[in-house]
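Here the structure is laid out as structure tokens; the discussion comes afterwards.
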Amino acid sequence: MINFYAIRAIYRFEMARAFRTLMQSIASPVLSTSLYFIVFGTAIGSRMGEVGSVSYGAFIVPGLVMMSLLNESISNASFGIYMPKWTGTIYELLSAPVSPLEAVVGYVGAAASKSVLLGILILVTARLFVPYHIAHPFWMIGFLVLTAVTFSLFGFIIGLWADDFQKLQIVPLMVVMPLTFLGGAFYSISMLPPLWQKITLANPVVYLISGFRWSFYGEADVNVAVSLGMTLAFLLLCLGVVAWMFRTGYKLKS
């Protein structure tokens, strides 16, 4: 039977930590994303033509939201589980009557909640700089939540794997950030030469941004069903890795 008290305790602790550091957790990502809107959406966007049937300023809104969502989901989840490892309290969690499922739901649920909240705040802020519309609000929320949960799980894996604070930053900075910039956050992959279009399809972030952008404007670089399938596949992969780490005790009992 699921211990909902344990899940709630972990969830409330992680959410309280976020609200104690509002400047770092919420204000800083919103402010940095707003600078992108000012530079790319207003200054540069006003001098560029439309991308498809959408103005450039509106076109980059889903990409910027997704970029912040990926980074914050990974950061929140990885830091949340790494701190108990660093302080040694992870052993109290492992010896408590809390199952791995309950621990994952608590930590990942809190990280995903913070990321979804941040994504909504960025969308509200974007309205101050560029006009945009959401053609499929249900699917927009669905992609937002699914991506937040998936990459919070990915961040949870990084937090379990990392041995020091430096390792917490390696994957987000050296892998996720470049893939996001090359994943169509600021451009449509249809603008690329045919060869590079095919190469770009090997980038998993392309499917996330394309599907999310489709929920706004009904236009996408990749079929929305493929985007959804790729996201679900990565979610299942992350679940499998987390289950293996808890079952074997990898980076947990040593």
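Scanning the range 59-77 turns up at least one residue that is closer than 30 Å to Ala220 by Cα, modelled with pLDDT of 85 or more and touching a strand residue (DSSP E or B) at 6+ places or on another chain (Cβ under 7 Å). The single condition among (1) closer than 24 Å to Asp221 by Cβ; (2) within 18 Å of the chain's Cα centre (by Cα); (3) at pLDDT 90 or above that Leu117 does not meet is (1). Of the residues making up the range 125-144, those that are in a helix (DSSP H, G or I), farther than 24 Å from Arg12 by Cβ and at pLDDT 90 or above are Pro137, Phe138, Trp139, Met140, Gly142, Phe143. For Ile38, the criteria (1) more than 18 Å from Val149 (Cα to Cα); (2) crowded, with 21+ Cβ neighbours inside 10 Å; (3) at pLDDT 75 or above; (4) of a type in the set (A, V, I, L, M, F, W, C) hold in every case but one, which is (2). In the range 9-17, is there at least one residue being closer than 21 Å to Gly211 by Cα and surrounded by 15 or more Cβ atoms within 10 Å (Cβ to Cβ)? No, that holds for no residue.
Does Ala58 count as small (Gly, Ala, Ser), under 22 Å from the mean Cα position of the chain (by Cα) and under 20 Å from Leu117 (Cβ atoms)? No; evaluated as a whole, the condition is false for this residue.
The values are calculated or read from the model by the stated rules, or taken from the named source; none is laboratory data. Being a predicted model, the structure only gives us computed values, none of them experimental. Ideal geometry is used to build each Cβ from the backbone, glycine not excepted, and the neighbour counts take in all protein chains shown.
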